[in-house]
Amino acid sequence: MLIDTRAATAAGSGPTAPRASTEAVSHRTLARVALGVIVVVGAAVRFWAIGFGLPHTQARPDETHVMDVALNYLRGNFWSPFFDYPRLYSYLLVVCYLTYYAVGVVIGRFASFANFLASWPTHWAPFFLINRSLSALAGTATILVVYAIGRRVGDRRTALVAALFMALAYSHVRDSHFGTTDVMLILLSTTSVFWLLKSDVLAWGRNDVAAAISAGLATATKYNGVILLVPLAISQVFHAARRPGSRVAALIDSRALVMGVVFGLAVLVGVPFVLFDHHRFWIAAQDMVGLLKIGQTPRIPLPNGWWYHLTVSLWYGLGGPLLACGLVGMVIVGLRDWRKALLLFSFPIAYYAVAGSMRQLFVRYVLLVVPFLCLGAAVTVVAIADRLGHGRAWRSAMTGILALAVIGPSVARVVAFDRIAAQTDNRVVAAEWIGQHAVPGASVLVSGSPYGAPQFDSRFTVWSWDRESRAFLVRLAPAKGRPEWILLQESPIPSSTQQVVTDFLTSGYELVTVLQAYDPSVRDNYYDPQDSFYLPFAGFGHVRRPGPNFAVYKQVAARYAPRPGSDLGR
């Protein structure tokens, strides 16, 4: 028997073993190449049109809130009273801006730090591009984290398909363009879940600590990262259940203590005002919670949040096939290993329950669910492919075909979004048009929402709408007389023309041109009604560029400097 065993061992070390080993190496190499291609594609669609809207600074209004905190740090103001966001993302942005300054000194762009700071009011585009690039890089890195989680959930095919879905998930690609905290939060949240899946509940160690630190840093990026305490608590329950002795004592053992401490310390990195400015922070927190409960438009009836996010935010944000496969995949993982499923999906489920209960129904509020649906969808695709065929080559081919079919609708929206976002924003077009045709010193009024208004240069007197006094102001004083130019804003975002503007246009004005960004007769385009982002979330039919439409009127007697080319209907 001993001789037979040795013979078998010897046979296994013959020509067959090197062939099997070579095949394994080949498959790993192909997987790495495929992952590299997926990451490059994912980065490309996130950096395509990264300069959308510029030089208009309010193309994505939340960006300036984050940037202002970072710029205040650079100016020496280390205690901003703005509490809507924790500070971690702003810290990272400060590092990026300091790197920009260092490079600028080397190439001769900045003579001093004061000169660097002085460039912000006049050359702000690099500050926006750096901010957006930080978000795009975080979005690209998330692809790799999803791949790593996929390896813990299934085989290499599952991981690659999950990475592909994450790379081309439309809502995540869209928001990776924005210099805000959402995409960085997703990176840190998925990282925390990865470390939890990798940890050993019997012999805890650095993986558990890494999971707690990542969860704390996620919370230090955006407050809703605190929901990561749900999978952390579940992992502690699993840990206690495997330990001998008292279950209650195991629940509050050294693992729980260490993870709790490092989580809290990581949170304090981005939320130091909890300790040092707790009174003002508590007041701001109450205001934020109140706004989430009543919404920005309390008098307007809103749909059920859970249904809305399912049928709008996720349906359009992922596409029907990817969403359906993602939900099915969550069930499949649960049937295979319910403990792993709880660690993987408890966070997105708990988060979705909270997001759906709010009266703030921004489509971006369920972005945190997207990576986990991509993982579930990958599990579903691989399971179907395995059912449809036998043999590695056949299963791989079927997996690829199914994955491309599932991600197809999302890819179409990614391309449509990037293509339109890359066009000149209509607010920039309007500002340039006025700059070319109006006489310097002329007064200009824009109706509708201030978020949809162009930004004119200092040569013109701008009438700005004050929502509190419900009147137009000029340099903070009440506007007098009538403006020489009126831009009538037609917006896909809920907005209305002020009555005073309607009264002005009854006499003494003539239509000069129409600057069109979209066709208002197309009803299939869907814009997020609560968000001031002037590009469709879905549809994209007959949308030429981001921004509202503008009908440009001037007083009949106002001076006008015509330029070559057609104006009307531009």
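The values are calculated or read from the model by the stated rules, or taken from the named source; none is laboratory data. Not measured: the values here are computed from a predicted model. Quick reminder, even Gly has a Cβ in these numbers, built from the backbone with ideal geometry, and neighbours come from all protein chains shown.
Scan the stretch 436-447 for residues that are in contact with an Asp or Glu (Cβ under 8 Å, 6 or more places away or on another chain) and assigned to a loop (DSSP other than H, G, I, E, B) and report the count.
Result for the stretch 436-447: 2.
Say whether the condition of being in a loop (DSSP other than H, G, I, E, B), surrounded by fewer than 21 Cβ atoms within 10 Å (Cβ to Cβ) and of a type in the set (Phe, Trp, Tyr) is met by at least one residue in the stretch 357-379.
yes
Say we look at the stretch 494-507 and pick out the residues that are in contact (Cβ under 8 Å) with a residue 12 or more places away in the chain and not in a loop (DSSP other than H, G, I, E, B); which of these is surrounded by the fewest Cβ atoms within 10 Å (Cβ to Cβ)?
Per the criteria, the residue is 500.
So, residue 470, is that one among the charged types (D, E, K, R) and closer than 21 Å to residue 423 by Cβ or not?
On the way: among the charged types (D, E, K, R): yes; closer than 21 Å to residue 423 by Cβ: no.
Answer is no for this residue.
Determine which member of the set 218, 210, 167, 233 is small (Gly, Ala, Ser) and closer than 29 Å to residue 402 by Cβ.
167
Among the helices (runs of 4 or more DSSP H) confined wholly to the stretch 161-227, which include 2 or more residues that are in contact (Cβ under 8 Å) with a residue 60 or more places away in the chain and within 12 Å of the chain's Cα centre (by Cα)?
So the answer is 170-175, 182-198.
Taking the stretch 57-84 as the region of interest, how many residues are within 25 Å of residue 527 (Cα to Cα) and touching a residue at least 60 places away in the same chain (Cβ under 8 Å)?
The total comes to 9.
Hey, among 401, 407, which residue is in contact (Cβ under 8 Å) with a residue 60 or more places away in the chain, within 30 Å of residue 175 (Cβ to Cβ) and not assigned by TED's automatic domain parsing to the domain that holds residue 541?
Of 401, 407, the one residue that is in contact (Cβ under 8 Å) with a residue 60 or more places away in the chain, within 30 Å of residue 175 (Cβ to Cβ) and not assigned by TED's automatic domain parsing to the domain that holds residue 541 is 407.
Can you report the number of residues in the stretch 473-493 which are within 34 Å of the chain's Cα centre (by Cα) and without any contact (Cβ under 8 Å) to a residue 60 or more places away in the chain?
3
Return the residues of the stretch 450-480 that are assigned to a loop (DSSP other than H, G, I, E, B) and charged (D, E, K, R); say none if nothing qualifies.
Going residue by residue through the stretch 450-480, those that are assigned to a loop (DSSP other than H, G, I, E, B) are 453-460, 467-470, 475-476, 479-480.
457, 459, 467, 468, 470, 475, 480 - these are the residues of the stretch 450-480 that are assigned to a loop (DSSP other than H, G, I, E, B) and charged (D, E, K, R).
For the stretch 44-66, indicate whether the set of residues that are small (Gly, Ala, Ser) and over 30 Å from residue 424 (Cα atoms) is non-empty. Don't jump to the end; show me each part of the working.
Of the stretch 44-66, the ones small (Gly, Ala, Ser) are 44, 49, 51, 53, 59.
Okay, now just the ones that are also over 30 Å from residue 424 (Cα atoms), so none.
For the stretch 44-66, residues small (Gly, Ala, Ser) and over 30 Å from residue 424 (Cα atoms): absent.
For the subset of the stretch 339-354 comprising residues that are touching a residue at least 60 places away in the same chain (Cβ under 8 Å) and more than 19 Å from residue 199 (Cβ to Cβ), which member is surrounded by the most Cβ atoms within 10 Å (Cβ to Cβ)? Break it down stepwise before answering.
Filtering the stretch 339-354 for residues touching a residue at least 60 places away in the same chain (Cβ under 8 Å) gives 339-340, 342-344, 346-347, 350-351, 354.
Pick out the ones that are also more than 19 Å from residue 199 (Cβ to Cβ) and you get 350-351, 354.
Numbers: 350: 16, 351: 22, 354: 13.
My answer is 351.
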